[in-house]
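Structure first, then comments.
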Amino acid sequence: MDRSPASAGTSAAAPEKSSNHRWWVLVVIALAQLMVVLDATIVNIALPSAQKALDFSDGNRQWVVTGYALSFGSLLLLGGRLADLLGRKTVFITGIVGFAGASALAGAAQNFEVLVTGRVLQGVFGALLAPAALALLNTTFTDAKERARAFGIFGAIAGAGGGIGLLLGGLLTEHLSWRWTLYINLIIAVFALIGAVLFLGHATSKDRPKLDLPGTVLASAGLFGLVYGFSNAETHDWSSPMTWGFLGGAVVVLAVFAWWQTRTSHPLLPLRVLADRDRGASFITVAISSMGMFGVFLFLTYYLQASLGFTPVKTGLAFLPMIGALMVTAQLSTNMLLPRVGPRPIVPVGLLMASGGLVWMTGLDLSSTYAANVLPPLILMGLGLGLVMPPAMSLATSRIAAKDAGAGSAAVNTMQQVGGAIGTALLNTLAASAATNYLVGKKPSPGVLAQAQLESYSTAYWWSAAFFAAGAIIAALMYRSGRPDLSTGDGESAPTVHM
């Protein structure tokens, strides 16, 4: 099989200026990834302070989060394809500069409209930055051992970013201002930009296909409808046209998009990217893990603050052991286990460990303590997620041709984003219903209300555990047995699909 640069549709120029710089490239990519994943949670803790400062309603508050999710989720596939067509370094740097500028705009906002505009622009440039970063990682580290180490670090950041965001959000809001949860991106961006200019090289394409404009419109509209529909489920009933109407329309539009990708000569998401069993299993694993993780980051945060009386900073610190455990098993899974035994034994085990941690959390009550009752399942969760996210991300981008690296990376990020949106909507709805049902026929005293909240948290943990358990079954059935091929590829090893 020819794996020459020409066969991949690129010149001999490597994505990095020198192989000696590749670990600096990893630092740059890790900084950019951290900037993107932090924004999924860091602003959440600051929302009450921002709402008080800018005087906007509870109904409008969701748009600070939803505006970012909508633009980010709906434009990821376009961002990934632009990275393939225009060059990953160009799109990467554009994403960094734009994300920093949008963060500055949102942080300096003097009214609600400017804040939401800044968040939407963050999502737009994040959709450029995230797939370009993962594509650069995929094309920079081609040696199996180095690739394992690099993806272990990258996957740990992807999995732990939410917890780090909670910690930073608490620290910045409590000791500086809610605005610094946005300004912090400027500091990260400066270092990432300097590193990108110094260490990233240009990889030019010999044949630069045209952009699939119909596919871009269909994919963006479909993903927008999907994320918006699930976001509406948090504030509207599932029977509302604003929920099922957008979700149903999204399914139809995405089905048309899939059909169109088999007909156009320059697809936005080439189906050869999807036509691989391990890659498909990884996409599903990333989506389900993102759904389940909200059972920890969202509802455990509520529990620690509302039930145990933790401050925002103390809440963020409470997640550090989980992040530490995740980083340990992230390196173990990608450097030792994945190359030796393959994903089929380790990813399902990791998902079951995460599920077990969540089941353990269902027993938390008002008399629980952090050290005895919260810490052990939290560490178990971290150990499990470290066996899941890094291997899944590595396999989701392995053996993708260099010319499709951006599209493949965008698909991974899309699954993560859509999974998070679905998980948030479902868990919030289920938790709210559980609290409402508990209060039926009871006098709403402070003790009863507190118990109703515990019931809602427990329901969210049970459902998150079910997500992970279902993911374990799917992963065990879909992943191939044996050692995987973790090299970069020319895209020809996948089954033949009409392009």
### Message
Tell me the angle of helix 144-175 to the major Cα principal axis of the chain, expressed in degrees between 0 and 90 and rounded to the nearest ten.
### Response
30
### Query
What's the long-distance tail for the chain, i.e. % of Cα pairs beyond 44 Å?
9
### Task
Report the relative contact order of region 65-133, percent, no decimals, based on alpha-carbon pairs under 8 angstrom and at least 6 residues apart.
54
### Cα long-axis angle, helix 88-107 against the chain (0 to 90 degrees, to the nearest 10)
20
### Neighbourhood net charge (14 Å Cβ-Cβ; Lys/Arg +1, Asp/Glu -1) for ILE157
0
### Query
When Lys and Arg each count +1 and Asp and Glu each count -1, what net charge do the other residues less than 15 Å away from SER307, Cβ to Cβ, add up to?
-1
### Message
Please compute the per residue accessible area over the chain with all protein chains in place, 1.4 Å probe, rounded to a whole number of Å².
### Response
38
### Query
Across region 455-468, in residue order, what do the Karplus-derived ³J(HN,Hα) couplings come to in whole Hz, using 6.51 cos²θ - 1.76 cosθ + 1.60 with θ = phi - 60° and x for Gly and Pro?
5, 5, 5, 4, 4, 5, 5, 4, 5, 4, 4, 5, 4, 5
### Task
Pop the C-beta distance of TRP238 and ASN437 into the FRET formula with R0 = 25 Å and round what comes out to the nearest 0.05.
0.95
### Query
Points 7 angstrom from Cα along the Cβ direction at THR311 and VAL97: gap in nanometres?
4.1
### Task
Evaluate E = 1/(1 + (r/R0)^6) for SER368 and SER445, where r is the Cβ-Cβ distance and R0 equals 22 Å; express this FRET efficiency to the nearest 0.05.
0.60
### Task
Please report, as a whole percent, how much of the solvent-accessible surface of the chain comes from carbon and sulfur atoms (probe radius 1.4 Å).
68
### Query
Can you pull the accessible area of HIS236 for me, 1.4 Å probe, Å² to the nearest 10?
70
### Query
Relative to the longest principal axis of the chain, what angle (0 to 90°, nearest 10) does the C-alpha long axis of helix 320-332 take?
30
### Query
Roughly how many Å² of VAL116 are accessible to a 1.4 Å probe, to the nearest 10?
30
### Summary
Here the residues of region 97-120 lying in the modelled label zone of LEU211, meaning backbone nitrogen under 19 Å from a point 7 Å along Cα-to-Cβ, are 97-99
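The values are calculated or read from the model by the stated rules, or taken from the named source; none is laboratory data. Quick caveat, the model's predicted, so the values are computed rather than measured. A quick note on method: Cβ atoms are made from the backbone with ideal geometry, for glycine too, and the neighbour counts reach across all protein chains shown. Only protein heavy atoms, including side chains, enter the accessible area calculation; ligands, DNA and RNA are left aside. Shrake-Rupley method; radii C 1.70, N 1.55, O 1.52, S 1.80 Å.
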